[in-house]
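Here is the structure we will look at.
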Amino acid sequence: MLAPRQNIRSWRPIVDAIDQLGSPLVTSRALRSVGLSRRILEGPPIFVPSALQAAFGEYVARKIGEPHLGPLVIGRYENMGIYAQYVLDAPRLDAAFGRGVRALPFLQSGTTVGTIDEGEIVVLQYGSGIQSVVGARHVDEATIVLLIDLVRNFVGPEWNPEWVELSQPAHSGAAPLEDAFRAPIRYGSRLPGIAIRKCTLLTRNPRPVEARESILFSDLRSMIKSRPPSSAAELVRDALVVLSGYGDFSEEAVAERLGVGKRTLQRLIRVEGYTFREILASFRADRAKALLRETDLSVQEIAFRLGYIEVNSFRRSFRNWTSMTPTEFTARRSAKQRR
């Protein structure tokens, strides 16, 4: 099974916050340390392993000397864009949590959501699926802040959880976390979560919206137009998008990016009736045509970006894909634009 993944767009608020907290240079170096770049963040909403965010957070935390980075950079729930608007439009708090669970696949895959009944109290749990990864505590602690802020949008800014649960063991730096959460912490839980009185879940939305103005699930789906890849072939294509900034399209690089061994990757795509070479050729063909249509890059530059050592090898491949040379393809595009 492949590791949990998340929409790269969910990184943007965190990166902006770290730019302010540390510096843009620290942010850029942290992105490079996990094989990403600002260009990738600004590109299409691809899905990358969630563990990269944990490693990214750990790099920044060590550079700026902040052991609890998550609560400092996560910001408000409403900063999550249209996903947050859909959740916060719910008529009641319990419905808001339901909406959050329903829409979560637009942001992440491989996560766990659950509840624990404690009589008059219920613990709302969320697991990223990467608890064993170095730096996962930054993700868990940030998630707690988001859950608390979600409740405060309905109940008010003075609300605090009955307690907070974290899967990490207790440590000497607990006080800053208790201050951030404004609640006692129970360590060593199976999943991170917040304890809330059941009656609080019935709180109605203090800012109800007109039906014609609310964001429906169908609106969310059509606006985001992105879900975690449902096949190994789609996962490979997402990995190739990330690797396109480095010109390394080897099977080994893709397998490493996906967190699996080369043989496991081969088996996963073979089950779907593909080979790595076929997926790579399809990706290169689509990418080459897009670069020729939308940029002024030379044929040689495009060949390099697609991992070709010899530009003539790229030209031969392009002719096989389109029955045209890159120059002919560009000339035809220019002719259509003049009409």
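The values are calculated or read from the model by the stated rules, or taken from the named source; none is laboratory data. All figures in this text were calculated on a predicted structure; none of them were measured in a lab. A quick note on method: Cβ atoms are made from the backbone with ideal geometry, for glycine too, and the neighbour counts reach across all protein chains shown. Remember, those area values only see protein heavy atoms, side chains included, never the ligands or the DNA or RNA. Shrake-Rupley method; radii C 1.70, N 1.55, O 1.52, S 1.80 Å.
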Failed criterion for residue 114 (all others in (1) within 20 Å of residue 137 (Cβ to Cβ); (2) crowded, with 19+ Cβ neighbours inside 10 Å; (3) of a type outside the set (Phe, Trp, Tyr) hold): (2)
Subset of segment 91-100 that is of a type in the set (A, V, I, L, M, F, W, C) and closer than 17 Å to residue 148 by Cβ - its residue that is surrounded by the most Cβ atoms within 10 Å (Cβ to Cβ): 96
Being open to solvent by less than 50 Å² (accessible area, probe 1.4 Å), assigned to a helix (DSSP H, G or I) and out of contact with any Phe, Trp or Tyr (no Cβ under 8 Å at 6 or more places or on another chain) is the filter here; which residues of segment 284-309 pass it? 290, 291
Which numbered condition in (1) at pLDDT below 90; (2) in contact with a Gly (Cβ under 9 Å, 6 or more places away or on another chain); (3) in a helix (DSSP H, G or I) is the only one that residue 335 fails? (2)
Going through 65, 114 one at a time, which residue ends up being among the small types (Gly, Ala, Ser), out of contact with any helix residue (DSSP H, G or I) (no Cβ under 6 Å at 6 or more places or on another chain) and within 28 Å of residue 157 (Cβ to Cβ)? 114
Within segment 178-198, count every residue that is open to solvent by less than 20 Å² (accessible area, probe 1.4 Å) and small (Gly, Ala, Ser). 3
Counting just the residues of segment 1-33 that are open to solvent by 50 Å² or more (accessible area, probe 1.4 Å), of a type in the set (A, V, I, L, M, F, W, C) and assigned to a helix (DSSP H, G or I), which one comes out farthest from residue 77 (Cα to Cα)? 25
Within segment 34-58, considering residues that are open to solvent by 60 Å² or more (accessible area, probe 1.4 Å) and in a helix (DSSP H, G or I), the one farthest from residue 192 (Cα to Cα): 39
Can you name every residue in segment 260-273 that is touching a helix residue (DSSP H, G or I) at 6+ places or on another chain (Cβ under 7 Å) and buried (at least 18 other Cβ atoms within 10 Å of the Cβ)? 265, 268, 269
Go through segment 206-253 and give me each residue that's modelled with pLDDT under 65, in a helix (DSSP H, G or I) and open to solvent by 20 Å² or more (accessible area, probe 1.4 Å). 218, 219, 221, 222, 223, 224
Within the bounds of segment 147-169, is there any residue that is in contact with a Phe, Trp or Tyr (Cβ under 8 Å, 6 or more places away or on another chain), surrounded by fewer than 15 Cβ atoms within 10 Å (Cβ to Cβ) and not in a helix (DSSP H, G or I)? yes
Positions within segment 125-146 being closer than 17 Å to residue 80 by Cβ and either open to solvent by 30 Å² or more (accessible area, probe 1.4 Å) or among the hydrophobic types (A, V, I, L, M, F, W, C) (or both), in sequence order: 139, 142, 144, 145, 146
Within segment 310-324, can one find any residue that is out of contact with any Cys (no Cβ under 6 Å at 6 or more places or on another chain), assigned to a helix (DSSP H, G or I) and modelled with pLDDT under 90? no
